[in-house]
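Here is the structure we will look at, set down as structure tokens.
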Amino acid sequence: MTNFMQAKFLISAEKLSQCPEYNLPEFPLLGRSNVGKSSFINGLANNKKLARTSNTPGKTRLINFFNFNDKFILADLPGYGYAKVSAEIQNRWQKNLEEYLLKREQISCLIQLVDARHELQKNDYQMREWVLNYDIPIITVMTKVDKISSNKIQSAISHVKKEFGGEVFPFSAENNCYNEKILDYLNNY
């Protein structure tokens, strides 16, 4: 097994009715703005230009679909938390994303990304609570583990496991040594 897979961008959609039709498992990416959702996609695909990354929070405004080798789909969602958009636009995003998350039949499991450098944030807990309230399967990926010392990685993972439960995977966009376990999990889901 390699540490990455071939992937291609499929389409962007604003709402459920615009989402593509296929029979592959779909894994939507949830996380705060700038947690590294695009870098996660690029890292698994070993292609830094596949999903657009930005230093400005709130750049992802649509649901962006990426096909990984016709094995599964990753759906990059707008980040929760900080975004320089009006309350009206944020409310529309929330309505469209709720409809997508609750009614999209292709969704196999959600992936919540959290930043390994920081404590879990209030909006991380709120998102997790919302997901668990609807009984949607979810795993956690801790991004930016290369930014913390290697002896702190295991305790950070243990902390998130204690808080959220379920599967917790470390990830680094700089070092693809963590990719294999994540790709195995997604391929065998």
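The values are calculated or read from the model by the stated rules, or taken from the named source; none is laboratory data. Please read these numbers as outputs of a predicted model, since none were measured by experiment. Please note: Cβ atoms are built from the backbone with ideal geometry, for glycine as well, and neighbour counts cover all protein chains shown.
Scanning for something in contact with a strand residue (DSSP E or B) (Cβ under 9 Å, 6 or more places away or on another chain), assigned to a loop (DSSP other than H, G, I, E, B) and closer than 26 Å to residue 145 by Cβ, does the range 91-106 turn up at least one residue? Taking every residue of the range 91-106 in turn, none turns out to be in contact with a strand residue (DSSP E or B) (Cβ under 9 Å, 6 or more places away or on another chain), assigned to a loop (DSSP other than H, G, I, E, B) and closer than 26 Å to residue 145 by Cβ. Inspect all residues belonging to the range 168-175 and state whether any of them is surrounded by fewer than 16 Cβ atoms within 10 Å (Cβ to Cβ) and at pLDDT below 95. Checked against the condition, which is being surrounded by fewer than 16 Cβ atoms within 10 Å (Cβ to Cβ) and at pLDDT below 95, the range 168-175 yields at least one hit. Take the residues in the range 16-55 that are of a type in the set (Gly, Ala, Ser) and crowded, with 20+ Cβ neighbours inside 10 Å, then tell me which one is farthest from the chain's Cα centre (by Cα). That would be 45. Here is the figure for the range 122-162: residues that are of a type in the set (S, T, N, Q) and surrounded by 13 or more Cβ atoms within 10 Å (Cβ to Cβ) total 3. Would you mind stating whether residue 95 is surrounded by fewer than 17 Cβ atoms within 10 Å (Cβ to Cβ), closer than 26 Å to residue 61 by Cα, at pLDDT 95 or above and over 16 Å from the mean Cα position of the chain (by Cα)? No: the conditions fail for residue 95. Considering only residues of the range 133-178 that are within 14 Å of the chain's Cα centre (by Cα) and of a type in the set (S, T, N, Q), which is nearest to residue 4 (Cα to Cα)? Applying the filter and picking the extreme gives 172.
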